[in-house]
Amino acid sequence: MKKKITFLSLVFMTSVLIAQNNWTTGTVNLDTDYNVKFDIDISADTVTMTMVGPDNVWLGVAPGIMTGLGMGNADDEAITYNANGGASLEDRNMPAGTSLPNLDNNASPADEWTLVSNVASGGIVRVIATRAIDTGDAEDFVFPTSAQPLPILWAHGIGTNFEWHRGNRGGVVANIVLSNGTEFELQTGLSIYPNPAQDNLNINISKLMDNSLNLEVYDVIGNKILEDNITSLSSQISVSEWNSGVYILKLSSKKTKSFVTKRFVKL
């Protein structure tokens, strides 16, 4: 009986630790067919944004700005998705006025959002991007890592070219709550090490689905560096010849159309 109690206690403690490393806003409704979700993974130092909206207009959100503050303070962060000209996700900054938010003027791409997926179907686009919780850039919002309200301003255009929103805007307050992570993330049990990595990056999973999983690695400006298949629970990739910097590893299932990302640093 004592062993069984100890085992159950270990399972409970493990579940609590997993939950404490993951926070989420859940899906936050903004406008008709337009919503956003922020998932915060403390252990991976990563925020994943999922933005869903009409594919024939530009979309934008500004986390951390309360309704009633107009366009926020100067240099408050705004994130826009422009479906025109090949689709792009842009990190912008509020002007504290009525002009258009400018592109982030930080010269380093390490603080930018990395677009990892944008899929349009039935007139709706699903955009997924990731970056660090705290980029170190004073012009970027620092995402909370505990339960608390998160105000979000939003806007969208009447076309795909980024311009004045023409009144299509508003604000909501989301609540950041504990999250156990996605079902796919929990099933795969993905872990990577060492992080930072210099020569090789080890990739471990606890369960192999579909007989193989698709592995992709992107740099912080969205260039695909590597694509391969994972066919075993343990594998390794060589990163010795890559440039130093931040990379996003994406593991996905073609069968379930699900994926999980991890952020790592190449020394």
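The values are calculated or read from the model by the stated rules, or taken from the named source; none is laboratory data. Quantities reported herein were computed from a predicted structural model and do not represent experimental measurements. Neighbour counts run over all protein chains shown; Cβ positions are idealised from the backbone, glycine included. Side chains included, ligands, DNA and RNA excluded: accessible areas come from the protein's heavy atoms. Shrake-Rupley method; radii C 1.70, N 1.55, O 1.52, S 1.80 Å.
Data overview
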| read-out | value |
| --- | --- |
| GNM top mover of G123, G72, G60 - the chain, alpha-carbon springs below 10 Å | G123 |
| Gyration tensor (alpha-carbon) shape descriptor, the chain, a/c threshold 1.5 | prolate |
| GNM result for the chain, Cα springs below 10 Å: residue of L213, L59, L153 fluctuating most strongly | L213 |
| Euclidean distance of C-alpha centroids, the stretch 100-178 and the stretch 185-206, integer Å | 27 Å |
| Most fluctuating residue given options V61, V172, V220, as computed from a GNM of the chain linking Cα atoms under 10 Å | V172 |
| Anisotropy class of the stretch 185-227 from Cα gyration tensor, a/c 1.5 cut | oblate |
| Rounded D (µm²/s) - the stretch 62-178, Kirkwood Rh over Cα pairs, Stokes-Einstein at 4 °C, 1.567 mPa s | 85 µm²/s |
| Phi-based couplings in Hz for the stretch 212-225 (Karplus 6.51, -1.76, 1.60; Gly and Pro marked x) | 7, 10, 8, 10, 9, 10, 10, 7, 6, 9, x, 6, 7, 8 |
| Accessible surface of the chain, 1.4 Å probe, proportion on carbon and sulfur as whole % | 52 percent |
| Whole-number accessible area per residue in Å² for the chain, which is evaluated in the context of all protein chains at 1.4 Å | 50 Å² |
| S235 paired with S99, simple spin-label distance in nm, labels 7 Å along Cα-to-beta-carbon | 4.9 nm |
| Given 15 as the ceiling on other Cβ atoms within 10 Å, longest exposed-site-free region of the chain for GluC sites (Glu not before Pro) in DSSP loops | 1-162 |
| Theoretical ellipticity at 222 nm over the chain - DSSP helices of four or more residues, -39500 (n - 2.57) apiece, nearest 500 | -3000 deg cm²/dmol |
